[in-house]
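What follows is a short report on a single structure.
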């Protein structure tokens, strides 16, 4: 209600207070992310978000369990990684050059979270996405290595979840983003052929696949994809 009435700062204070008691609540952490990224800028990131929460995190570690078992530690770290990833995306969409430290900072946070939750496929996906985005930027020191690491982490996330369509779609989307259309087509086909219902992920894969066929002068194949997967 506070957010709806324009009182975003008060809402952030209430959420932060609640986090002191419920440090692993996904609902609360999602609320923090939403409040910290209000388009109006009503809740500036620096004074209202991450730094204060990190100070609180250090206090929890001093008075609570050991750091590796501190409740909510991974959530705070992922939250920081999302911030740096979003920071790079916002600057890019605004036409400004991306900050050279945004992707390294995001990767640092995600890899730190993975040290606490080493088998989490979502965190593996976050690492893969960060490497993929970094490979497309101007500040990456080794683009080929970044692409290889992106594919490696996304493949690891896919293996951790089994043969699911989402993991194959992510691999296809990454290949498409870094300019490997043949690999992207192969992953999209595997996504469409995988078990499971024709949900949103498969529809996205079909739409992207038809665009790739159009770009490669295959309008007939593009029409086939639309007919088989996107026609009601």
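Determine whether the stretch 205-228 contains at least one residue that is under 23 Å from residue 123 (Cα atoms), outside any helix (DSSP H, G or I) and touching a helix residue (DSSP H, G or I) at 6+ places or on another chain (Cβ under 8 Å). Looking for residues that are under 23 Å from residue 123 (Cα atoms), outside any helix (DSSP H, G or I) and touching a helix residue (DSSP H, G or I) at 6+ places or on another chain (Cβ under 8 Å), one finds none in the stretch 205-228, hence no. Just one of the listed residues (157, 144) is more than 22 Å from residue 228 (Cα to Cα) and within 18 Å of the chain's Cα centre (by Cα), and it is 157.
Among the residues making up the stretch 110-119, a single one is surrounded by fewer than 17 Cβ atoms within 10 Å (Cβ to Cβ) and under 14 Å from the mean Cα position of the chain (by Cα): 111.
Here's the yes/no breakdown for (1) part of a helix (DSSP H, G or I); (2) out of contact with any helix residue (DSSP H, G or I) (no Cβ under 9 Å at 6 or more places or on another chain); (3) at pLDDT 70 or above:
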position: 11; (1), (2), (3): yes, no, yes
position: 21; (1), (2), (3): no, yes, yes
position: 54; (1), (2), (3): yes, no, no
position: 60; (1), (2), (3): yes, no, no
position: 84; (1), (2), (3): yes, no, yes
position: 95; (1), (2), (3): no, yes, no
position: 104; (1), (2), (3): yes, no, yes
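Residues of the stretch 136-154 that are modelled with pLDDT of 95 or more and surrounded by 18 or more Cβ atoms within 10 Å (Cβ to Cβ): 146, 147, 149, 150, 151, 153, 154.
Quick grid of which residues meet (1) at pLDDT 50 or above; (2) more than 30 Å from residue 140 (Cα to Cα); (3) touching a helix residue (DSSP H, G or I) at 6+ places or on another chain (Cβ under 7 Å); (4) not assigned by TED's automatic domain parsing to the domain that holds residue 138:
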| position | (1), (2), (3), (4) |
| --- | --- |
| 6 | yes, yes, no, yes |
| 66 | no, yes, no, yes |
| 79 | yes, no, yes, no |
| 87 | yes, no, yes, no |
| 114 | yes, no, yes, no |
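Looking only at the stretch 137-179, residues that are free of Cβ contacts under 8 Å to residues at least 40 places away in the same chain and part of a helix (DSSP H, G or I) come to 25 in all. For the stretch 186-204, the candidate set comprises residues that are over 20 Å from residue 155 (Cα atoms) and part of a loop (DSSP other than H, G, I, E, B); within that set, the residue that is modelled with the highest pLDDT is 199. On the given criteria, is residue 173 more than 20 Å from residue 128 (Cβ to Cβ) and either at pLDDT below 95 or under 21 Å from the mean Cα position of the chain (by Cα) (or both)? No.
The values are calculated or read from the model by the stated rules, or taken from the named source; none is laboratory data. What you see is a predicted model; the values in this text were computed from it and never measured. So basically every Cβ, Gly included, is an ideal-geometry build from the backbone, and we count neighbours across all protein chains shown.
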